[in-house]
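Scroll down for the structure; my scribbles are underneath it.
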Amino acid sequence: MSDQNFYAILCQGFPADRCKPALVVPGGRSLTYEQLEDQVSRYANALMKLGVKAGDRVAVQVEKSPENVALYLACIKSGFVYLPLNTAYTPAEIEYFLGDADPALFVCRPADREAMAKAAKSVPVETLGETGDGSLPVLAAKQKPDSSILPRGGGDLAAICYTSGTTGRSKGAMLTHKNLASNAATLHRLWGFKPDDVLLHALPIFHVHGLFVALHTALLNGSTIIFLPRFDAKQVIGLLPQATVMMGVPTFYTRLLDQADFGPAQCKTMRLFISGSAPLLAETHKAFEARTGQRILERYGMTETGMLASNPLERARKAGTVGPALPDVQIRIADEAGNPLPRGETGAVEVKGPNVFPGYWRRPERRAEDFRPDGFFITGDVGYIDEEGYLVLVGRAKDLIISGGYNVYPKEIELVLDAIPGIGESAVVGLPHRDFGEGVTAVCTSSGKPPSEAEVIALCRKELAAFKVPKRVLYVEALPRNAMGKVQKALLRQQYRDLYNTVPA
Ligand code: MLC
Ligand code: AMP
């Protein structure tokens with residue numbers, strides 16, 4: 001097949017009856033499949049009118065909406081490279097992404113236009129979510145719809161998703177049409193989507209979980225998607241009886257369990273709850289089953305690779321595991337030199353498959369570090385494969401904190417802390433947190449007159465997205481170091497393990 005444009009593949013799954021609702025925002029604007037296709041083609045033409053050409057990047061930092069979905073699909077349809085950005089990123093963070101990705105256009109929220117235009121420098125800025133000059137919806141409405149889809153090869157870029165880097169700088173993971181198409185088809189099959197499935201979508205759509213895993217499987221199925229601007233436990237509980245499938249990060253499930261009125265009555269129509277992006281505690285898995293009778297299906301993946309492993313639909317869903325490798329994915333456990341280890345032994349998780357990205361944007365030199373010579377990608381996760389072939393993740397080789405499903409690299413926060421007058425050194429660790437799984441925590445030494453905890457937090461807020469800002473800042477005399485002078489973060493994690501989880505005396 002010469003044309004592997006992923007949008008063409010998605011369209012094959014759209015329902016014969018295009019009047020079927022595609023995206024339904026409760027109390028807001030909804031789109032049928034016919035309207036979605038119409039919007040997609042108008043947005044594609046609007047972007048072309050603005051001079052965007054195939055292969056150009058389109059960076060987007062906007063609120064979740066049906067228009068945002070149309071804009072995303074318009075990019076795929078026309079061969080533009082979609083670059084989603086977390087709505088929490090500050091202008092300082094955006095300046096870095098735009099400088100690195102060199103996009104032809106930056107689409108932001110109307111209220112951010114002025115601040116972001118400065119950050120964007122020479123990159124043209126448009127807005128989504130208003131009806132005035134310079135607004136994409138207005139331009140899109142003036143366009144003629146056009147159903148043509150730009151032919152693409154499987155290796156052509158569809159998206160670039162930034163992931164936090166170990167050095168404190170994010171890298172753009174390049175994802176191809178084939179990467180997206182293969183993972184969408186595999187998950188759609190594996191999770192047994194049925195014609196009448198309805199997806200309850202409460203995830204953000206600037207990361208792969210909400211944008212790719214959830215949207216692609218549902219669109220490929222021609223399903224109706226109940227599209228919520230954000231996760232709100234009470235609203236979700238109210239809408240579950242209209243849905244059959246939900247995907248979420250573990251925080252969604254702990255927050256649902258915190259609601260006293262949540263139980264089997266609200267889950268009668270539900271056939272599948274899926275969890276991913278962060279470890280789901282076995283106790284949450286068990287509590288959810290005890291409360292609702294539903295066994296959450298946990299899966300594992302990452303931005304660079306899409307989904308890699310999933311608990312099965314029909315066979316046992318084992319708490320504390322992420323299931324076997326997906327049918328078209330190879331997962332191996334290796335030692336530090338990349339030699340495969342026998343089943344049951346713990347080591348580095350390495351992966352290969354049609355869903356694995358070709359590399360980081362404009363960083364060809366990284367390939368030798370991130371991939372083995374035989375093409376396996378080193379995930380940075382540590383685990384073993386149990387006797388039934390299920391992958392168990394036990395930790396991370398990479399210095400990464402996952403808070404409520406968002407990745408935070410300590411180095412990035414430490415660089416900001418170290419630049420604050422009065423702070424000597426800093427070490428940022430993730431501590432067990434009931435709501436977010438891990439809570440970002442700064443342990444600092446002082447030099448001169450140290451700023452108060454509140455002052456440090458306020459200073460961090462100016463530069464960092466809110467979810468990265470330390471929830472607590474602790475001062476110590478000295479950071480614990482090993483003989484090599486390296487900060488012993490494991491000791492800090494042990495010492496402060498109960499900071500957020502008060503243990504009964
Ligand atoms: C919000 N806050 C967070 C946070 N989310 N802090 C730490 N970690 C988070 N994840 C901050 C807010 O800025 C606010 O700060 C305060 O916490 C309270 O906010 P809230 O109202 O409680 O937050 P809420 O809007 O409810 O968001 C929590 C959440 C959300 C868990 C619902 O973070 C979320 O939707 N997470 C999903 C992330 C996700 O999609 N990950 C997938 C990545 S892809 P203040 O101080 O300003 O009040 C990936 C690959 C894969 O990992 O395998 O899927
Ligand atoms: P991201 O870079 O945001 O795509 O995050 C990817 C990382 O999230 C993976 O490398 C894992 O460390 C983690 N992750 C994703 N799913 C799971 C899961 N089910 N259990 C544990 N960790 C997970």
Hits among aspartates and glutamates - C-alpha to C-alpha of LYS449 under 20 Å, sequence gap 8 or more where chains match: GLU414, ASP418, GLU425, GLU477
Lysine pairs in region 1-157 with Cα atoms under 19 Å, if 8 or more residues apart or on separate chains: 7
Residue-wise HN-Hα coupling along region 378-395, computed from phi with Karplus coefficients 6.51, -1.76, 1.60 (Hz; x: Gly, Pro): 8, 6, x, 9, 10, x, 9, 10, 7, 5, 9, x, 8, 7, 10, 8, 10, x
Fully extended contour minus Cα-Cα distance, from ALA54 to ASP146, at 0.36 nm per residue: 31.5 nm
Set of lysines near LYS398 by C-alpha distance (under 20 Å), chain-local residues within fewer than 8 positions excluded: LYS171, LYS352, LYS411, LYS468, LYS486, LYS489
Set of aspartates and glutamates near LYS234 by C-alpha distance (under 12 Å), chain-local residues within fewer than 8 positions excluded: ASP258, ASP261
Long-range amide H partners of GLY338 with built H, under 5 Å: none
Cα-based shape type of region 400-502, given that a ≥ b ≥ c are square roots of the gyration tensor eigenvalues and the cut on a/c is 1.5: oblate
5 angstrom amide H check on ALA22, placed H, neighbours 5+ away: LEU31, THR32, TYR33
Charge-dipole axis of the chain as Lys and Arg at +1 and Asp and Glu at -1 on Cβ define it, positive-most pick from ASN501, GLY424, PRO264: PRO264
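Less than 13 Å Cβ to Cβ from GLN266, Lys/Arg counted +1 and Asp/Glu -1: what total charge do the surrounding residues give? Show your work: numbers first, answer last.
On the way: positive: LYS234, LYS268, ARG291; negative: ASP261.
Residues near GLN266 contribute +2 overall.
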Hypothetical label at ASP435: residues of region 246-268 whose amide nitrogen lies under 11 Å (7 Å Cα-Cβ projection): 255
Using θ = phi - 60° and Karplus 6.51 cos²θ - 1.76 cosθ + 1.60, couplings along region 211-216 (whole Hz; Gly, Pro as x): 6, 9, 4, 6, 5, 5
Qualifying GluC sites (Glu not before Pro) for region 245-354 [loop in DSSP, other Cβ within 10 Å: at most 10]: GLU314, GLU336
Cα gyration tensor, region 127-227 - rounded (a/c under 1.5), prolate or oblate: rounded
Computed E for THR90/ASP232 - FRET, C-beta separation, R0 25 angstrom, nearest 0.05: 0.55
Cα gyration tensor shape of the chain, rounded if a/c is under 1.5, else prolate or oblate by comparing a/b with b/c: rounded
Contour excess over end-to-end distance, with Cα ends at ASN482 and GLN294 and 0.36 nm allotted per residue: 63.1 nm
Long-range HN-HN contacts of GLY13 with modeled amide H, under 5 Å: none
Area accessible to solvent at MET270, 1.4 Å probe radius, in Å²: 10
Calculated from backbone phi, Karplus (6.51, -1.76, 1.60) coupling profile of region 68-78 in Hz, x at Gly/Pro: 4, 5, 4, 5, 4, 5, 4, 5, 4, 4, 9
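For every helix of n ≥ 4 consecutive DSSP H residues, a contribution of -39,500 (n - 2.57) applies; sum these over the chain, divide by its total residues, and give [θ] at 222 nm rounded to the nearest 500 deg cm²/dmol. Let's see the in-between values first.
Details: 15 runs with 140 residues, N = 505.
The helix contribution divided over the chain gives -8000 deg cm²/dmol.
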Solvent-accessible area of LYS286 with every protein chain in place, 1.4 Å probe, in Å² to the nearest 10: 130
Inter-label distance for ASP17 and LEU281, nm, one decimal - labels placed 7 Å from Cα along Cα-to-Cβ: 4.5
Efficiency of FRET between SER447 and ARG497 - r from beta-carbon atoms, R0 30 angstrom, step 0.05: 0.65
Net length gained if the chain between LEU415 and ILE457 were fully extended (0.36 nm per residue, minus Cα distance): 13.7 nm
Cα-projected label distance for ARG366 with ALA490, points at 7 Å along beta-carbon direction, nm: 2.7
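Determine the percent antiparallel among the DSSP beta bridges restricted to the chain, to the nearest 5.
Details: 45 of 76 bridges.
Given both bridge residues lie in the chain, the antiparallel proportion sits at roughly 60 percent.
Name the trypsin sites (Lys or Arg not before Pro) in region 315-391 that are in a loop by DSSP and that have at most 12 other C-beta atoms within 10 Å, would you? Spell out each step's value before the answer.
Working: sites: ARG315, ARG317, LYS318, ARG332, ARG343, LYS352, ARG362, ARG366, ARG367; in loops: ARG315, ARG317, LYS318, ARG343, ARG362.
Listed in order of number, the matching sites are ARG315, ARG343.
The values are calculated or read from the model by the stated rules, or taken from the named source; none is laboratory data. What you see is a predicted model; the values in this text were computed from it and never measured. A quick note on method: Cβ atoms are made from the backbone with ideal geometry, for glycine too, and the neighbour counts reach across all protein chains shown. Just so you know, the surface numbers come from the protein's heavy atoms only, side chains and all, with ligands and any DNA or RNA stripped out. Shrake-Rupley method; radii C 1.70, N 1.55, O 1.52, S 1.80 Å.
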